[in-house]
Amino acid sequence: MSDKTPSFSDNSSLKDFIAPYRIGSDNHFKIKQHDPADTQGLSLEKGRARDFLEEGVQELSRIQEKLYAENRWAVLLVFQAMDAAGKDGTIKHVMSGINPQGCQVHAFKAPSHEELDHDFLWRTHCRMPERGRIGIFNRSYYEEVLVVRVHREILQGQSLPPRLVTKSIWDERLEDIAAHERYLSRNGTRILKFFLNVSQEEQKRRLLERIDDPAKNWKFDAKDLDERAYWKSYMKAYQEAIRATATDEAPWYVVPADNKWFTRLVVMTAVITELKKLDLGFPELDETDREKLAGMRERLAAED
C-alpha cells in the first residue's frame, strides 16, 4: 500500500482507512487474522502521518466543542489491552486537544470492597459520561470477562451465590454486557471500544525497556511478567468477548499496537469518523431568542 494517509475532508477515505480494524455485528472475528505490526505501508518518517496526527487533534477538538454545546449525545471510549500495549500514551496523545471540561477519564483497577458488594457493571455505570461529554475508560467492565475469566479464582472473592457460578457464567456476562451497551446506545451514548493488539514479542521488548531504563523503572510491575504465561488464554478471552459484543452501535476496533504512532493514528481516525456520523452542530436560536440577542447587542454597543 502506498504511503498515503486519509484526509479529514474526505469521509470515504477515512472509512476506507479504518475499515480493516472495525468489527461490527456481522463478524467472524479471529484474532490471528489481525497483524499487530500492520501500518498499511505508512511510515512516520515520511509522508504526512505525523502531520495527520496533529490535524486529527485539532479536528477532534472542533468536534468535541459541538458535542459539548449541543448537549444531546454522550460518547464513551473503552480501551482494553495487554500490559504495555500503550493505552495511557494513546489516550494522552489522541485526547491532547480536548477541553478538560468536556472529558472524563477513569482508570479501573482491582475492584474495591464496596464495588464487589454490587453487580459487576455497577462501578463503571456510576462513571458513565454525561450528555455533551466524552468519557474514557482505561480498562472497563470487560475485565470481568478477560482477567476474571483467565483467573477464575477471582470469582471466589465476588461473593456470588455458588449456584450462579456455572460453566455458562462467561456467556451470561457477555450477554449482559451486550444488553448494557444496547441500553446505553438507545439512550444517546455512542460507545467505541478499542483493543490495542500488541504482539507478545513487542510486549517483551517494552517490558525489558522498563527494566533497563531508570526513568521507566516505576512503570514495571512483576505481575505483568507473570501474566505473559497466560497469553494464549487472554487471546482466546479477547476473541470471545469481541465476537459476542461487537455491534454496529457499539463496534470494536482491533488496533495494531506494535507501532505506537500508528496505534494513535488509527484510534484518532476511528473516533473522528464515528463522531462525524452523529451530525453534531451548534444549537440554533429561534426567532424570539435572536431578537432578544439583537436587543442585548444594541444595549452593549450603546454603553460608553
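Data for the structure
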quantity	calculated
Elements of type helices (runs of 4 or more DSSP H) in region 102-183, at least 1 residues being modelled with pLDDT of 95 or more	122-125, 147-150
Count of residues meeting criterion [surrounded by 15 or more Cβ atoms within 10 Å (Cβ to Cβ) and in a loop (DSSP other than H, G, I, E, B)] in region 28-66	8
Complete set of residues in region 71-114 that are over 27 Å from R131 (Cβ atoms) and among the hydroxyl-bearing types (S, T, Y)	S112
Members of region 247-289 found to be surrounded by fewer than 11 Cβ atoms within 10 Å (Cβ to Cβ) and not hydrophobic (A, V, I, L, M, F, W, C), listed by number	D248, K277, D279, G281, P283, E284, D286, E287, T288
G89 being farther than 30 Å from I169 by Cβ and either in a loop (DSSP other than H, G, I, E, B) or in contact with a Gly (Cβ under 9 Å, 6 or more places away or on another chain) (or both)	no
Which numbered condition N71 misses (of (1) on the phi < 0 side of the Ramachandran plot; (2) of a type outside the set (A, V, I, L, M); (3) modelled with pLDDT of 95 or more)	(1)
Output for region 31-54, where each listed residue is modelled with pLDDT of 90 or more and more than 30 Å from R186 (Cα to Cα)	K32, Q33, H34, D35, P36, A37, D38, T39, Q40
Pick from region 67-80, criterion closer than 14 Å to K276 by Cα and among the hydrophobic types (A, V, I, L, M, F, W, C), ranking: surrounded by the fewest Cβ atoms within 10 Å (Cβ to Cβ)	W73
Some residue of region 82-94 being surrounded by fewer than 18 Cβ atoms within 10 Å (Cβ to Cβ) and either touching a Phe, Trp or Tyr at 6+ places or on another chain (Cβ under 7 Å) or more than 30 Å from L146 (Cβ to Cβ) (or both)	no
Extreme residue, farthest from G56 (Cα to Cα), among residues of region 69-116 that are charged (D, E, K, R) and without any contact (Cβ under 8 Å) to a residue 40 or more places away in the chain	E114
Inter-residue pairs, beta-carbon under 6 Å, first surrounded by 13 or more Cβ atoms within 10 Å (Cβ to Cβ) and in region 117-128, second not β-branched (V, I, T), 6+ apart	F120/E144; L121/Y141; L121/H180; R123/E115; T124/S140; T124/Y141; R127/H106
Sole exception among (1) in contact (Cβ under 8 Å) with a residue 60 or more places away in the chain; (2) part of a helix (DSSP H, G or I); (3) of a type in the set (K, R); (4) closer than 26 Å to R123 by Cβ for R210, by number	(4)
Test: residue in region 171-194 that is within 14 Å of D83 (Cα to Cα), acidic (D, E), surrounded by 17 or more Cβ atoms within 10 Å (Cβ to Cβ) and in contact (Cβ under 8 Å) with a residue 60 or more places away in the chain	no
Given (1) assigned to a helix (DSSP H, G or I); (2) surrounded by 14 or more Cβ atoms within 10 Å (Cβ to Cβ); (3) modelled with pLDDT of 95 or more; (4) of a type outside the set (F, W, Y), index of the condition E201 fails	(2)
Region 92-101: number of residues that are in a helix (DSSP H, G or I) and either among the hydroxyl-bearing types (S, T, Y) or more than 23 Å from R50 (Cβ to Cβ) (or both)	2
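Here's the yes/no breakdown for (1) under 30 Å from G41 (Cα atoms); (2) part of a loop (DSSP other than H, G, I, E, B); (3) in contact with a strand residue (DSSP E or B) (Cβ under 8 Å, 6 or more places away or on another chain):
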| site | (1), (2), (3) |
| --- | --- |
| R243 | yes, no, no |
| V255 | yes, no, yes |
| T263 | yes, no, yes |
| T269 | yes, no, no |
| L275 | yes, no, yes |
| G281 | no, yes, no |
| E284 | no, yes, no |
| R290 | no, no, no |
| L293 | no, no, no |
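The values are calculated or read from the model by the stated rules, or taken from the named source; none is laboratory data. Keep in mind the model is a prediction, meaning the values are calculated, not measured. We place every Cβ from the backbone using ideal geometry, glycine too, and count neighbours over all the protein chains shown.
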